[in-house]
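Student: Next up is a structure, given as structure tokens.
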2 protein chains.
Amino acid sequence: MTFQKRTHKILELLEHHGEVEIRQLATEIGVSEVTVRRDLASMAKDGLLYRTHGGAMKISELIKPVSFANKAAVNLKAKDAICKRAAEDIIDGDVIFIDCGSTAFRLCQFIKNKKIKVITNSLPVVNELQHSTVTINLIGGEVDTTRQAVHGTMAYEHIARYHASKAFLGVDGIAAEGLYAGSEHEASNTLAMASQSDCVYMLCDASKIGKTSYLKFNDLSLVDILVSDYNGPEVTEFGSKGISVLSVTV
Amino acid sequence: MTFQKRTHKILELLEHHGEVEIRQLATEIGVSEVTVRRDLASMAKDGLLYRTHGGAMKISELIKPVSFANKAAVNLKAKDAICKRAAEDIIDGDVIFIDCGSTAFRLCQFIKNKKIKVITNSLPVVNELQHSTVTINLIGGEVDTTRQAVHGTMAYEHIARYHASKAFLGVDGIAAEGLYAGSEHEASNTLAMASQSDCVYMLCDASKIGKTSYLKFNDLSLVDILVSDYNGPEVTEFGSKGISVLSVTV
DNA sequence: TCATAATTGATCAAAAATAATCAAAATGAA
DNA sequence: TTCATTTTGATTATTTTTGATCAATTATGA
């Protein structure tokens, strides 16, 4: 049994049990304790395990948790209900865009077990999907630490090189006249992702419906499907403009 | 049986079993052990397999991805000393590359108050520099959750569009013969960043000096400055190959 | 705290595997 | 065929790996 093979075996046992003893490894593998000790020393040097007296332990992944938190405090229940409904439309094999808004972020929890590819410019989304079956593609460019997202020319060029079956986006406001953004960056990003998608899902809780801001960046034709907990008169108007509206109840 | 036929047979056995022994191959193929050894040496040189004592392994069997948290826990003090020295060379206005290694990551703590631009493919680096005076540019592409980094074709293209005054990089091993990487992704990334930088700083703790791995990706000419806590005979050899060596004490 | 037991690191020797050298055999061209 | 080249196998020195031994260190319980 070579060193490489023993390394494999030790890591396997470690993964399964969390810790191992030298005595036990020596008999299990069929080599002397001195050899096992040498193996463990070498592996510890490479950071594959943590050496203890008489054995070794797994190095905890929790030493330094890298985290990009999303502080989406408002209207959480509505956002979750909207995203739960939107996730039902996502099927294995899909390639989807998720933008850096607090609404689209809530979609992550519902897609963790799907076999899809997610393209995003949101750091919290990447963080949230890290330990899932989803493959992640991160848009490159300048990092906006306030928004915890990537933007800039390079980012929009990057988006332009991809194509997705569905895009899950948010806006600052949506009214009959069009779509409103909170910043030019958000507007550019939304446009870039929408133009590269077959089907654009707009995720808007009730507070966004009818709201306008200083920056109207596009008319409603950008949107294919609106998912919302709102149920007022504007909804029929959106419908008449070619948007399918998925209503959810909170 | 010709060399080509034997090569084919060995690869077949390797594919099926994952590993082979020289003794076993010699009897199976009907040639002497010396010949088998010669075959394996030649194949290993071409990267078709990994040579072990008494046999060979499939490269894919050998690769054991080590998580970022694991690597980060090793030789912390040496890494900090190295990065502290390296940071002294970074001046306001610099544009620098930082790679996704655990050594270069330790550089973050020393540059938080500098007015520089950092281009990186490392998620922990972005996280660490979030609340600092540094402007961050994140490389886009596929996210590798084990290494906590971005890689892939898109990433290397992205890097090629930038230019930096300095690059702070790590390797798996550095010896007189050249630079060794832990994976092809790491190799591609290191090359991409180095080629777009005026000055390449290689950050290596003592355990990396003289170490080799299965993947040699470049000779030493890539490196301008080596920062290390190692002080042995190899250092003068590096010096004679045109590398400036900055020695630090832990 | 101290004493006892267990574990470790260091050194050394044996065994196995390898690299290097050289001669024999096979191959191929003139 | 003959000569040169390549390939193979035997031999030997060197290196690597492994296991044993023992002093030094560390953990544990009285």
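The values are calculated or read from the model by the stated rules, or taken from the named source; none is laboratory data. A quick note: this is a predicted structure, and the numbers were derived from the prediction, not measured. Here Cβ is always computed from backbone atoms with ideal geometry, including for glycine, and neighbour counts include all displayed protein chains. Surface accessibility is based on the protein's heavy atoms, side chains included, excluding ligands, DNA and RNA. Shrake-Rupley method; radii C 1.70, N 1.55, O 1.52, S 1.80 Å.
Student: To the nearest 10 degrees, how steeply does helix A:184-195 sit against the main Cα axis of chain A, on a 0 to 90 scale?
Tutor: Around 90 degrees separate the two axes.
Student: Over the Cα atoms of segment B:3-62, what Rg and Dmax result, in angstrom?
Tutor: Final numbers for Rg and Dmax: 10.0, 27 Å.
Student: Treat each spin label as a single point 7 Å out from the Cα along the C-beta direction, and report the B:R51 to A:V74 distance in nm.
Tutor: Here the modelled spin labels are 6.7 nm apart.
Student: Add -39500 (n - 2.57) for each DSSP H run of 4 or more in the protein assembly as shown, then divide by its residues: what number comes out at 222 nm, to the nearest 500 deg cm²/dmol?
Tutor: Calculated from helices alone, the mean residue ellipticity at 222 nm is -10500 deg cm²/dmol.
Student: Is segment A:175-229 best put as rounded, prolate or oblate by its Cα gyration tensor, with a ≥ b ≥ c the root eigenvalues, rounded for a/c under 1.5, and otherwise prolate when a/b is larger than b/c, oblate when not?
Tutor: Because a/c hits 1.5 or more and a/b fails to exceed b/c, segment A:175-229 counts as oblate.
Student: Could I ask something else about it? Residues of A:45-58, mean number of Cβ from any other protein chain within 10 Å of their own Cβ, rounded to a whole number?
Tutor: Numbers: counts 4, 9, 12, 6, 2, 3, 0, 0, 0, 0, 0, 0, 0, 1.
Rounded to a whole number, the mean comes out at 3.
Student: Could you work out how far helix A:33-45 tilts from the main Cα principal axis of chain A, as a 0 to 90 degree angle to the nearest 10?
Tutor: So the helix axis and the longest Cα principal axis differ by about 30 degrees.
Student: Let me ask something else about it. Expressed as a whole percentage, what fraction of the accessible surface of segment B:175-246 belongs to carbon and sulfur atoms when a 1.4 Å probe is rolled over the protein heavy atoms?
Tutor: 47 percent
Student: Over the residues of the protein assembly as shown, compute the C-alpha Rg and express it relative to 2.2 N^0.38 Å. Can you show the working numbers first?
Tutor: Values: Rg = 26.5 Å, N = 500, 2.2 N^0.38 = 23.3 Å.
In units of the 2.2 N^0.38 Å rule of thumb, it is 1.14.
Student: Further, regarding this structure: A:R51 label points, 7 Å along Cα→Cβ, one per copy: pairwise distances from this copy to the rest in nm, shortest first?
Tutor: The projected label point of A:R51 is separated from its counterparts by 2.9 nm.
Student: Would you kindly calculate the mean projected area, averaged across all directions, of the convex hull enclosing the Cα atoms of segment A:93-160, in square nanometres?
Tutor: So the mean shadow area of the Cα hull is 4.2 nm².
Student: With every protein chain kept in place and ligands, DNA and RNA left out, what is the accessible area per residue of segment A:3-57? Probe 1.4 Å, answer in Å².
Tutor: Each residue of segment A:3-57 exposes 58 Å² on average to a 1.4 Å probe.
Student: Testing the spin-label approximation: label points 7 Å from Cα along Cα→Cβ at A:E12 and A:E33. State their distance in nm.
Tutor: The answer from the label model is 2.5 nm.
Student: Along each of its three principal axes, how wide is the spread of alpha-carbon positions in segment B:155-250, in whole angstrom units, largest first?
Tutor: Extents along the principal axes: 38, 29, 25 Å.
Student: Between 0 and 90 degrees, rounded to the nearest ten: what's the tilt of helix A:3-17 against the longest Cα principal axis of chain A?
Tutor: The helix A:3-17 is inclined about 60 degrees to chain A.
Student: Once label points are set 7 Å from the Cα along Cα→Cβ at both A:T236 and A:E184, what is their separation, rounded to one decimal in nm?
Tutor: With each label point 7 Å from Cα toward Cβ, the separation is 4.0 nm.
Student: Set the Förster distance to 30 Å, then compute FRET efficiency between A:A26 and B:K216 from the Cβ-Cβ distance, nearest 0.05.
Tutor: E between A:A26 and B:K216, to the nearest 0.05, is 0.30.
Student: Could you give the spread of the C-alpha atoms of segment B:1-148 along their three principal axes, from largest to smallest, in whole angstroms?
Tutor: So the three principal-axis extents are 68, 31, 24 Å.
Student: Something else: Give the average over all directions of the projected area of the C-alpha convex hull of chain B, one decimal, in nm².
Tutor: That works out to 14.6 nm².
Student: At B:E237, with labels set 7 Å past Cα in the Cβ direction, how many nm apart are the copies from this one, shortest first?
Tutor: The answer, with the shortest distance listed first, is 7.7 nm.
Student: A further question follows. What residue among A:S240, A:S102, A:S195 shows peak mean-square fluctuation when chain A is described by a Gaussian network model with Cα springs under 10 Å?
Tutor: With Cα springs under 10 Å in chain A, the top fluctuation among A:S240, A:S102, A:S195 is at A:S240.
Student: Mind grabbing the interface size between A and B? I mean buried accessible area, both sides, 1.4 Å probe, in Å² to the nearest hundred.
Tutor: For A against B, buried area totals roughly 3300 Å².
Student: Another one. Among B:150-163, B:45-58, what's the highest-first ranking by average C-beta atoms within 10 angstrom per residue? Working shown, then result.
Tutor: Values: B:150-163: 18.8, B:45-58: 16.6.
Highest-to-lowest ranking by the protection proxy: B:150-163, B:45-58.
Student: A follow-up question, please. Using a label point 7 Å beyond Cα on the Cα-Cβ vector, give me the inter-copy distances for A:A206 in nanometres, one decimal, shortest first.
Tutor: 6.7
Student: Still on this model: In Å², what does the accessible area per residue of segment B:68-247 work out to with a 1.4 Å probe?
Tutor: That works out to 36 Å² for each residue.
Student: While we're on this one: Enter the mean number of other protein chain beta carbons within 10 Å of the beta carbon of each residue in A:128-141, as an integer. List each step's numbers first, then the result.
Tutor: Working: counts 0, 2, 5, 1, 1, 0, 2, 3, 6, 7, 13, 6, 15, 6.
Per-residue shielding by partner chains comes out at 5.
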